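Heads up: the structure comes next, in structure tokens.
Rule-based calculations on the coordinates, nothing more; no lab input. As the structure is a computational prediction, the values presented were derived from the model and not from experiment. We place every Cβ from the backbone using ideal geometry, glycine too, and count neighbours over all the protein chains shown.
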Amino acid sequence: MTSQALTRQATRPTTSLLSKVFATHDDLGLPVARLALAVVLWPHGAQKLLGWFGGYGWAGTMGYFTDTIGVPTPLAAGLILLEFFGPIFLLFGFLTRPVALGVIGLMLGAITTVHAQHGFFMNWFGAQQGEGFEYHLLVIGLAAVLALRGGGSFALDRKFVGR
């Protein structure tokens with residue numbers, strides 16, 4: 001290599017994994033997506049972790065995940081914690097991309113293990129045995145936007161990389 005090529009290579013900005021995780025766009029729509037996803041997802045996490053809103057709490061949810069669905073214990077615990085703390089992180093725009101990717105995985109798992117057998121539609125009128133997966137697709141859509149674009153304006157992620 002010539003010295004000029006070495007200089008160009010040495011002065012190229014390096015993009016670390018950390019900067020990719022925290023990178024975001026200055027977009028006012030992204031905090032709206034974060035807020036919507038957090039508000040809709042957090043009560044489900046509170047059901048699973050705390051037993052609020054008619055949920056079964058930690059022990060009941062762990063039993064369902066591990067005994068009924070067959071989810072390994074560490075993964076089941078991680079899913080409960082993700083669904084409870086993930087929306088809090090999203091609300092503040094902290095670790096937006098990793099949380100959004102986790103939520104996508106969580107929803108895909110919920111569809112494949114529980115909800116796909118009940119079809120597309122939610123059980124609005126009690127006419128089917130369980131809930132369909134339309135809610136999960138909406139959550140995946142919101143989470144995908146955040147995974148691709150970051151937390152946007154007013155996100156704590158911006159403090160770690162500037163933008």
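If you plug the beta carbon distance of ASP67 and LEU35 into 1/(1 + (r/R0)^6) with R0 = 25 Å, you get a FRET efficiency near 0.10. If one takes the longest principal axis of the Cα atoms in the chain, at what angle in degrees, from 0 to 90 and to the nearest 10, does the Cα axis of helix 134-149 lie? Once rounded, the angle reads 10 degrees. Within the listed set HIS118, HIS44, HIS25, the residue fluctuating most in the Gaussian network model of the chain (springs between alpha-carbon atoms under 10 angstrom) is HIS118. Residue-normalised convex hull volume from the C-alpha trace of region 23-161: 106 Å³ per residue. With the helix formula -39500 (n - 2.57) applied to DSSP H stretches of n ≥ 4, the chain reaches a computed 222 nm mean residue ellipticity of -19500 deg cm²/dmol. For region 23-161, a simple Cβ point-charge model (Lys and Arg +1, Asp and Glu -1, everything else neutral) yields a dipole of about 300 debye relative to the Cα centre. Would you mind checking the tilt of helix 29-50 against the longest principal axis of the Cα atoms of the chain, expressed as 0 to 90 degrees and rounded to 10? With rounding to tens, the tilt is 40 degrees.
Computed from Cα atoms, the angle from the helix 96-110 axis to the main principal axis of the chain rounds to 30 degrees.
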